[in-house]
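Comments concern the structure below.
The values are calculated or read from the model by the stated rules, or taken from the named source; none is laboratory data. As the structure is a computational prediction, the values presented were derived from the model and not from experiment. No Cβ is skipped: glycine too gets one built from the backbone with ideal geometry, and neighbour counts run over all protein chains shown. Note: areas computed on protein heavy atoms with side chains; ligands, DNA, RNA excluded. Shrake-Rupley method; radii C 1.70, N 1.55, O 1.52, S 1.80 Å.
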Amino acid sequence: MVDLKGQYEKIKAEVNASVLEVIESTAYINGPKVHEFQKQLENYLDVKHVIPCANGTDALQIAMMGLGLKPGDEVITADFTFAATVEVIALLGLTPVLVDVYPDSFNIDIEAIRKAIGPKTRAIVPVHLFGQCANMDEIMALATEHDLFVIEDNAQAIGANYTFNNGAKQKAGTIGHVGATSFFPSKNLGCYGDGGAIFTNDDELAHTIRGIVNHGMYKRYHHDVVGVNSRLDSIQAAILSAKLKNLDSYGKARQQAARKYNKAFKDEPNITTPVANPDCEGICDTCDCHVFHQYTLKVKNTDRDALAKHLNEQGIPCGVYYPIPLHRQKAYADERYIEGDFPVTNALAKEVISLPMHTELDDEQIEFITSQIKSFVNS
Ligand SMILES: *Cc1c(COP(=O)(O)O)cnc(C)c1O
């Protein structure tokens, strides 16, 4: 699905030198490289505070701890996402409230959020799925109207821009009260191990979170709140600094691949290509509204699982994100949920298939992948 080796080869000299520098320095934890990367990312995102941590799941959990959410508080999030989003809500004793998504963007449905808001609702967690933002104009308006926190799960959309209705642009993950991201190797900005970060423009929240990631310590050996141990290694920070410089060009390479896929599938009645900003179809060179963490098709009149098997037999990797809606997972099923409330997620779970998407895809690979899919879907 990704070509990490090909990408590494292009930045090898820089990465190797800076990793060796960390090893020689022995500043393995919270060394200068971590601080350097933090500053670079704050600059890139134009956000006041980046707090690095150990992984994206921790980032979400710590963000919720920092906001002071309490057991019993309800948190609304999308039914169609990776389990980490809902896992941390449940882990903190908060009550997850899963809602349906839109069939075109795969992102959380605003009307469904509106319906789910009740007296115990404290927060909304939009997930910017597959590389493009949820409707943040509407989500922020709902949050203001009902006095809710917004925690952006930005694990899949780092580098994407969100364009507000008034034309202003802002980076994904910096719009809500707090944002969380992951540097898992296959994410758009991935390190060579685990890593994550929390973003916020709120000074007080940033201070609280800096203590939480470090055992609740604000002064050495004074533990004011219950915290966690969640750190980004210096070695990973050094790798991330080298890759951050290339993040925009990585995004362009992904958009370019998406454009070629779209073109190859444009006359296929049984294949729906990803839909983004209608003005640019998500693949324009200037707005960067979609960074294609995944390139996800919907297939009709086709056995999706048989297609996936066929592609694998041809040596083409593919993925199904996500085959089971969260409200039907054993860990998160709840009698409050009514099947009729999830028509879109239930349908998507049967129709979606994600194709290889990375910065090193060439025309020959795209031609082979798309011709195999077309011939299977039309057979
Ligand atoms: C990857 C991912 C996470 C978790 O990140 P980790 O670094 O693997 O813990 C959370 N949410 C979404 C939507 C993700 O894709």
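On full extension, the segment bounded by Lys115 and Asp267 gains 51.0 nm, given 0.36 nm per residue less the C-alpha separation. For the range 247-377, the relative contact order works out to 34 percent when only alpha carbon pairs closer than 8 Å and six or more residues apart are counted.
Between amide H atoms placed 1.01 Å from N, distances below 5 Å from Gly195 occur with Gly56, Phe183, Phe184, all of them 5 or more places distant or on a separate chain. Using the average count of surrounding beta-carbon atoms within 10 Å as a protection proxy, the listed peptides 185-196, 326-337 rank, highest first, as 185-196, 326-337.
Accessible surface for Ser249 stands near 70 Å², nearest 10, in the context of the full protein assembly shown (1.4 Å probe). In order along the range 54-67, the phi-based Karplus estimate (6.51 cos²θ - 1.76 cosθ + 1.60, θ = phi - 60°) of 3J(HN,Hα) comes to 7, 6, x, 5, 4, 4, 5, 4, 5, 4, 5, 5, x, 7 Hz; Gly and Pro are listed as x. In this label model, Lys330 and Glu313 are separated by 3.1 nm, measuring between points 7 Å along each Cα→Cβ vector.
By DSSP, the beta bridges lying fully in the chain are antiparallel in about 60 percent of cases.
Comparing Ala306, Ser375, Tyr261 along the charge dipole axis of the range 247-377, the residue lying farthest to the positive side is Ala306, per the Cβ-charge model.
Taking all protein chains into account, the per residue accessible area for the chain stands at 44 Å² (1.4 Å probe).
Under 5 Å between amide hydrogens, which residues at least 5 positions from Thr95 or on another chain qualify, with H placed 1.01 Å from N in the peptide plane? Hits under the 5 Å cutoff: Gly72, Asp73, Glu74, Val75. Taking the accessible area of the range 155-287, probe 1.4 Å, and keeping the other protein chains in place, the carbon and sulfur fraction comes to 49%.
Here the Karplus curve 6.51 cos²θ - 1.76 cosθ + 1.60, taken at θ = phi - 60°, turns the phi angles of the range 256-269 into couplings of 4, 5, 4, 4, 5, 4, 4, 5, 5, 9, 5, 9, 9, x Hz, with x standing for Gly and Pro.
Highest mean packing first, where packing is the average number of other Cβ atoms within 10 Å per residue, the peptides 347-354, 299-306 line up as 347-354, 299-306. Rounded to the nearest 20 debye, the dipole size of the range 247-377 about its Cα centre is 280 debye, using +1 on the Cβ of Lys and Arg and -1 on the Cβ of Asp and Glu. Considering all alpha-carbon pairs of the chain, what whole percent are spaced by more than 30 angstrom? Percentage above 30 Å: 39. Label sites at Glu14 and Ala83, each approximated as a point 7 angstrom past Cα along Cα to Cβ, lie 3.7 nm apart.
About its Cα centre, the dipole of the chain is roughly 500 debye, where the only charges are +1 on Lys and Arg Cβ and -1 on Asp and Glu Cβ. Rolled with a 1.4 Å probe across the full set of protein chains, the surface gives Glu339 an accessible area near 90 Å². Database remark: amide H of Asn214 closer than 5 angstrom to the amide H of Val228 (H placed geometrically; neighbours at sequence offset of 5 or more, or on other chains; Pro and chain starts carry no H). Using the rule -39500 (n - 2.57) for each DSSP H run of four or more residues, divided by the residues of the chain, the 222 nm mean residue ellipticity is -12000 deg cm²/dmol. Placing +1 on each Lys and Arg Cβ and -1 on each Asp and Glu Cβ, with no other charges, gives the range 35-160 a dipole about its Cα centre of roughly 360 debye.
Taking Ile175, Ile338, Ile151 in turn, the Gaussian network model of the chain (Cα-Cα springs below 10 Å) assigns the largest fluctuation to Ile338.
Taking a straight line from the alpha carbon of Lys12, these lysines sit under 22 Å away, with near neighbours fewer than eight places off in the same chain left out: Lys33, Lys187, Lys243, Lys245, Lys252.
Remark: relative contact order (the chain) = 21 percent; criterion is Cα-Cα distance under 8 angstrom and separation of 6 or more residues.
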